[in-house]
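Asker: Dumping the structure here so I can ask a few things about it.
The values are calculated or read from the model by the stated rules, or taken from the named source; none is laboratory data. Worth saying up front: this structure is predicted, and the values here are computed from it rather than measured. As a convention, Cβ positions derive from the backbone with ideal geometry for all residues, glycine included, and neighbour counts pool all protein chains shown. Only protein heavy atoms, including side chains, enter the accessible area calculation; ligands, DNA and RNA are left aside. Shrake-Rupley method; radii C 1.70, N 1.55, O 1.52, S 1.80 Å.
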Amino acid sequence: MNIDIARSSTSKGETLRDTLWNLEAMAADIFVVRHSSSGAAHFIAKDVCPHVAIINAGDGRHAHPTQAMLDMLTIRRETKKKFEDISIAIIGDIKHSRVARSDIAALQTLGCKDIRVVAPNTLLPHGFDHYGEGVRLFNKMDEGIKDCDVIITLRIQNERIDSPALSSQAEFYKMYGLNKERLALAKLIAS
């Protein structure tokens with residue numbers, strides 16, 4: 001069942017909790033939740049029956065665990081290495097990326113010891129130093145991707161360009177764009 005909350009009875013005054021109760025009454029075992037509000041999946045998990053599993057498919061600007069699961073599967077398939085033995089660089093707008101946060105959490109859970117975040121300071125979240133063991137910051141692209149097994153590039157949202165966070169697309173690409181010369185610095189597996 002796919003329910004578009006924006007078009008559901010919530011638009012007519014029904015609460016999210018009311019919608020959950022209706023879904024529980026239909027005997028659903030799993031709710032896969034993608035919601036525009038950060039923390040929605042956590043809120044739902046606290047309010048549903050204990051037998052109902054909640055899968056967070058992305059919530060607001062907080063997390064995107066299902067994308068992280070796909071990224072981890074791709075890394076495993078393509079590198080054929082243990083996560084403990086690979087170096088991974090995540091490049092781009094870390095501050096606004098729920099995928100970056102979810103990938104970092106997944107990589108840490110899987111035992112990756114070398115997670116490199118490559119970004120200007122203006123695109124890092126406040127409290128970045130609390131990301132934990134194994135996560136290192138690089139402001140210079142060449143240093144950040146040198147000898148990496150995997151490079152994950154994040155898109156830059158156009159609304160971030162020409163703001164205090166970024167000067168221009170051309171300047172960002174010059175500093176953080178992935179090209180043949182930079183790719184040669186990594187130890188990527190050709191497929």
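Asker: Anything in region 44-65 that is part of a helix (DSSP H, G or I) and in contact (Cβ under 8 Å) with a residue 24 or more places away in the chain? List them, or say none. Steps first, answer last, please.
Answerer: Our first condition is that a residue be part of a helix (DSSP H, G or I); within region 44-65, this holds for 44-47, 65.
The answer is Ile44, Asp47, Pro65.
Asker: To continue, here is another question. Do you know which of the residues in region 110-142 that are closer than 11 Å to Tyr176 by Cα and assigned to a helix (DSSP H, G or I) is least open to solvent (accessible area, probe 1.4 Å)?
Answerer: Met141
Asker: Considering only region 27-40, I want to know if a residue exists there that is part of a helix (DSSP H, G or I) and either in contact with a His (Cβ under 6 Å, 6 or more places away or on another chain) or without any contact (Cβ under 8 Å) to a residue 60 or more places away in the chain (or both).
Answerer: Within region 27-40 (the criterion being part of a helix (DSSP H, G or I) and either in contact with a His (Cβ under 6 Å, 6 or more places away or on another chain) or without any contact (Cβ under 8 Å) to a residue 60 or more places away in the chain (or both)), the answer is yes, since at least one residue qualifies.
Asker: Given the condition assigned to a helix (DSSP H, G or I) and surrounded by 15 or more Cβ atoms within 10 Å (Cβ to Cβ), answer yes or no: does some residue in region 84-97 qualify?
Answerer: Within region 84-97, none of the residues are assigned to a helix (DSSP H, G or I) and surrounded by 15 or more Cβ atoms within 10 Å (Cβ to Cβ).
Asker: Report, by residue number, each residue of region 48-104 that is of a type outside the set (D, E, K, R) and touching a Pro at 6+ places or on another chain (Cβ under 7 Å). Walk me through it before giving the result.
Answerer: Restricting attention to region 48-104, the residues satisfying the condition of being of a type outside the set (D, E, K, R) are 48-58, 60, 62-70, 72-75, 79, 83, 86-92, 94, 96-97, 99-100, 102, 104.
Scanning region 48-104 gives Asn56, Ile94, Ser102.
Asker: Looking at region 72-83, which of its residues are touching a strand residue (DSSP E or B) at 6+ places or on another chain (Cβ under 7 Å) and either open to solvent by 30 Å² or more (accessible area, probe 1.4 Å) or not aliphatic (A, V, I, L, M) (or both)?
Answerer: Applying the first criterion (touching a strand residue (DSSP E or B) at 6+ places or on another chain (Cβ under 7 Å)) to region 72-83 yields 75, 79.
Scanning region 72-83 gives a single hit, Thr79.
Asker: Given the criteria over 26 Å from Tyr173 (Cβ atoms) and open to solvent by less than 20 Å² (accessible area, probe 1.4 Å), does Ala63 qualify?
Answerer: Spelling it out, Ala63 is indeed over 26 Å from Tyr173 (Cβ atoms) and open to solvent by less than 20 Å² (accessible area, probe 1.4 Å).
Asker: Among Ser87, Ser97, which is among the hydroxyl-bearing types (Ser, Thr, Tyr) and within 9 Å of the chain's Cα centre (by Cα)?
Answerer: Answer to the selection: Ser97.
Asker: Look at region 143-183 and say how many of its residues are of a type in the set (Asp, Glu), modelled with pLDDT under 90 and in a helix (DSSP H, G or I).
Answerer: Number satisfying all stated conditions: 2.
Asker: May I pose another question? Across region 143-155, what is the total count of residues that are surrounded by fewer than 16 Cβ atoms within 10 Å (Cβ to Cβ) and within 13 Å of Asp103 (Cβ to Cβ)?
Answerer: The total comes to 1.
Asker: On the given criteria, is Val52 over 30 Å from Gly144 (Cβ atoms) and at pLDDT 85 or above?
Answerer: In short, yes.
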